[in-house]
1. Across region 698-721, what is the number of residues that are assigned to a helix (DSSP H, G or I) and either out of contact with any strand residue (DSSP E or B) (no Cβ under 8 Å at 6 or more places or on another chain) or among the acidic types (Asp, Glu) (or both)?
2. For TYR522, state whether it is under 26 Å from the mean Cα position of the chain (by Cα) and modelled with pLDDT of 95 or more.
3. Before we move on, is GLU658 crowded, with 20+ Cβ neighbours inside 10 Å, closer than 20 Å to THR248 by Cα and not polar (S, T, N, Q)?
4. How about region 26-44: which of its residues are touching a residue at least 24 places away in the same chain (Cβ under 8 Å) and more than 14 Å from GLU79 (Cα to Cα)?
5. Checking the condition among the aliphatic types (A, V, I, L, M) and in contact with an Asp or Glu (Cβ under 7 Å, 6 or more places away or on another chain), which residue from VAL85, VAL64, VAL111 passes?
6. Would you check if MET81 is touching a Lys or Arg at 6+ places or on another chain (Cβ under 7 Å) and within 25 Å of GLU392 (Cβ to Cβ)?
7. Inspect all residues belonging to region 642-660 and state whether any of them is at positive phi and out of contact with any His (no Cβ under 8 Å at 6 or more places or on another chain).
Amino acid sequence: MSSNSESAHYPQRHEDSARKLFSYPKYWAECYGTAQYLPMSRAEMDALGWDSCDIIIVTADAYVDHPSFGMAVVGRMLEAMGFRVGIISQPKWDSSEEFTALGKPNLFFGVTGGNMDSLINRYTADLRIRSDDAYTPGAEAGKRPDRSVIVYSQRCREAYYDTPIVIGGIEASLRRIAQYDYWSDKVRRSILIDSNADILLYGNAERALAELAYEVSTGKSVSECWDLRGTAMVRSSVPAGWTEIDSTRIDWPAAIDKLPNPYDFHDSTKADISGSTPACSDSGQGHGNTGGERAEGKSEEGEKESGDNTNDAVPLRIIPLPLQRKTEFDSRLSYIRLPSFNKVVNDPALYAHASRVLHQEANPYNGKVLVQKHGNQEVWVNPPPLPLETEEMDWVFDLPFQRRPHPAYGNARIPAYDMIKTSVNIMRGCFGGCTFCSITEHEGRIIQSRSEDSILREIEKIRDQVPGFTGTISDLGGPTANMYKLNCSSPKIQETCKRLSCVYPNICKHLNTDHSPTTQLYRKARQIDGVKRVAIASGLRYDLAIRDPEYVEELVTHHVGGYLKIAPEHSEDKTLAKMMKPSISAYDEFKKMFDRFSRKAGKEQYLIPYFIAAHPGCDEEEMLNLSLWLKEHKFKPDQVQTFYPSPMALATAMYYSERNPLEKVRYKSEKITVAKDLDQRRLQKAFLRYHDAKNWPMLREALRRLGREDLIGNSARALIPAAENNTTRTSRGGAARKSGKAGNVGKTGRTRSTTNRRSQSKR
């Protein structure tokens with residue numbers, strides 16, 4: 001496929017309609033029927049009568065055949081399409097041996113880091129190594145490599161050089177373009193480059209995966225699926241005939257009198273090479289990478305930004321970003337050029353700008369293709385996937401899950417399974433837009449809801465199939481408990497909307513906030529025979545809940561077991577604005593409603609609020625005010641959270657750049673406060689645990705520095721007591737500074753000890 005043929009028409013797969021998941025012709029292997037469990041060994045394949053697998057999924061999680069585990073969802077979906085699907089779970093990665101255990105897949109490898117990002121799974125926000133892994137039998141730590149997707153992909157390439165590799169899951173989704181990496185404290189290039197994968201599927205990827213599997217099974221190459229929504233590929237050039245919207249700068253001249261030369265010549269000779277383009281490697285052989293993580297012959301910072309050296313060039317029309325609304329062009333045949341990897345790695349302001357653009361293009365109905373140059377290669381990111389319709393969601397959740405771990409694990413406990421085995425996911429997505437959260441980057445902002453009947457059927461399955469079921473459904477929810485069936489009331493407005501949140505800075509007037517479907521669902525769930533109690537454990541969007549007092553009363557009366565977890569995250573408006581969270585007054589209003597309905601129900605119940613320390617934009621004074629708010633309301637948090645910069649989140653862009661991507665980014669934009677030094681982060685966390693005597697020495701120092709010695713002493717208004725003697729005083733950071741700490745996470749995933757890594761980082 002050449003560039004010119006690619007540009008002959010608007011990509012059909014970008015249209016605002018999609019083929020139903022269950023409508024594809026079945027692959028010939030459907031004759032083998034349904035496996036009790038997807039096989040993890042050749043013996044299991046033999047028992048099923050299989051001589052080979054069509055698709056093999058490599059995952060960093062234990063295989064749990066449950067709809068809350070990604071490998072089970074995509075595996076069962078592919079099985080329903082007629083494919084023979086095998087699972088390689090948590091393989092040893094010191095060689096490619098275990099990656100050959102099921103033989104060579106006929107179509108492709110699917111590689112995922114599991115339900116959690118492998119680095120967040122292993123390291124705390126203070127970069128200490130975690131002692132357990134909830135997605136591993138026996139909670140055993142160390143069963144997955146750092147940057148699992150990269151490592152597994154390279155081992156798959158070693159095992160079967162010419163087999164296509166498809167990467168997906170949250171770890172891949174959040175790294176589809178250049179992204180700040182908290183663990184190495186630098187901007188890393190797209191995971192497509194380092195993994196040497198052929199294609200990346202982002203989000204809940206059923207739709208893209210179904211289309212890809214079908215196309216490949218008919219004989220097409222992965223590179224021919226270059227225009228699949230919800231995917232990204234590495235290309236050597238962009239298609240001919242497309243219009244480029246140049247968004248590589250942030251300080252354009254005040255007035256642009258004329259367009260630049262509309263014909264910029266880009267190479268087209270390799271345009272048909274997408275994910276299979278050999279990524280730069282030490283040997284220069286592309287797919288021949290070895291080692292636990294990609295051996296990088298050239299540093300990421302040292303790659304040259306030159307174009308491809310060929311004589312076959314094609315015209316490309318370029319429009320500066322400020323002129324896109326003043327220029328006529330076919331928007332369907334256009335893409336936005338982001339600042340290149342080489343630019344964002346050295347320019348934090350451009351990084352913040354690129355992050356802002358990515359989030360503005362997150363609406364599947366108007367989002368554009370994004371292109372980012374990495375050296376001589378282009379990372380081509382297609383528009384987000386169209387959300388699943390209710391009947392498709394029902395079909396996915398009705399697949400024949402066993403709802404338990406694979407028998408190979410015996411009686412070993414898998415904590416993540418224990419937590420969700422009696423819970424039900426009723427929806428996907430979140431339109432809240434909280435800047436510190438990765439849900440919207442992964443699942444999207446449009447709510448995808450199951451039907452009531454589908455949910456009730458699953459509750460009955462739990463009752464009948466889950467061993468030891470006691471009659472309690474532990475949760476009816478999803479990313480958010482009370483967004484079920486809440487969507488934009490105007491499809492026309494939704495198609496053009498570019499808001500980052502439907503509820504911030506205010507609840508959009510076009511948003512349907514009627515909770516009655518959720519209230520009705522709760523009532524019907526409680527009536528199912530064998531169900532004694534239905535708890536709600538998912539996070540609650542309280543600014544929405546107060547719009548529907550009937551829902552709050554239903555929740556409080558029947559679904560709160562004494563405590564309800566809720567996340568105001570902070571008390572101060574300045575910090576809340578950087579989080580895109582509602583004012584604390586919304587929490588106060590919800591609490592009044594919660595207390596009133598609890599009294600009416602004759603129950604003594606409490607809210608358990610959650611807060612975040614060291615969020616970008618939050619300084620010591622803001623944390624002090626939060627600490628005083630906690631004291632006033634008699635809260636003494638036991639478990640507190642320090643901001644964790646996950647890849648691609650808007651708050652992560654704030655953290656790295658010290659600029660606010662919620663607003664148009666300029667070089668002269670006022671920088672925001674960011675606590676990067678480990679001592680600063682620990683101090684902010686200490687303000688949340690003001691009642692812990694271990695924190696008093698550093699809090700005393702901070703209060704004196706802030707001129708608030710009046711808060712030290714034994715008076716009723718004091719925050720902490722005065723020091724009794726010098727023997728109890730510790731240095732700032734205390735003993736924690738001496739404890740084991742992960743430090744910098746190197747390229748191989750190994751760690752080295754550091755002292756105050758954040759304060760020594762290059763800025």
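1. In the first step, residues of region 698-721 are kept if they are assigned to a helix (DSSP H, G or I); the result is 698-705, 709-711.
After this cut, where a residue has to be either out of contact with any strand residue (DSSP E or B) (no Cβ under 8 Å at 6 or more places or on another chain) or among the acidic types (Asp, Glu) (or both) as well, the list is 698, 701-702, 705, 709-710.
Residues in region 698-721 being assigned to a helix (DSSP H, G or I) and either out of contact with any strand residue (DSSP E or B) (no Cβ under 8 Å at 6 or more places or on another chain) or among the acidic types (Asp, Glu) (or both): 6 in total.
2. Values: under 26 Å from the mean Cα position of the chain (by Cα): no; modelled with pLDDT of 95 or more: yes.
In short, no.
3. Details: crowded, with 20+ Cβ neighbours inside 10 Å: yes; closer than 20 Å to THR248 by Cα: yes; not polar (S, T, N, Q): yes.
In short, yes.
4. If the condition is that a residue be touching a residue at least 24 places away in the same chain (Cβ under 8 Å) and more than 14 Å from GLU79 (Cα to Cα), then MET40, SER41, ARG42 are the ones that fit.
5. Working: VAL64 fails: in contact with an Asp or Glu (Cβ under 7 Å, 6 or more places away or on another chain); VAL111 fails: in contact with an Asp or Glu (Cβ under 7 Å, 6 or more places away or on another chain).
Testing whether each residue is among the aliphatic types (A, V, I, L, M) and in contact with an Asp or Glu (Cβ under 7 Å, 6 or more places away or on another chain) leaves just VAL85.
6. Numbers: touching a Lys or Arg at 6+ places or on another chain (Cβ under 7 Å): yes; within 25 Å of GLU392 (Cβ to Cβ): yes.
It is true that MET81 is touching a Lys or Arg at 6+ places or on another chain (Cβ under 7 Å) and within 25 Å of GLU392 (Cβ to Cβ).
7. Going residue by residue through region 642-660, those that are at positive phi are 648, 658.
Still in the running and out of contact with any His (no Cβ under 8 Å at 6 or more places or on another chain): 648, 658.
Yes.
Rundown of residues vs (1) farther than 18 Å from MET71 by Cα; (2) without any contact (Cβ under 8 Å) to a residue 60 or more places away in the chain; (3) more than 16 Å from the chain's Cα centre (by Cα), yes/no style:
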position	(1), (2), (3)
ASP117	no, no, no
GLU140	yes, yes, yes
SER148	no, no, no
ILE177	yes, no, no
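The values are calculated or read from the model by the stated rules, or taken from the named source; none is laboratory data. This is a predicted model, so every value here is computed, not measured. Note that we place each Cβ from the backbone using ideal geometry, even for glycine, and neighbour counts take in every protein chain shown.
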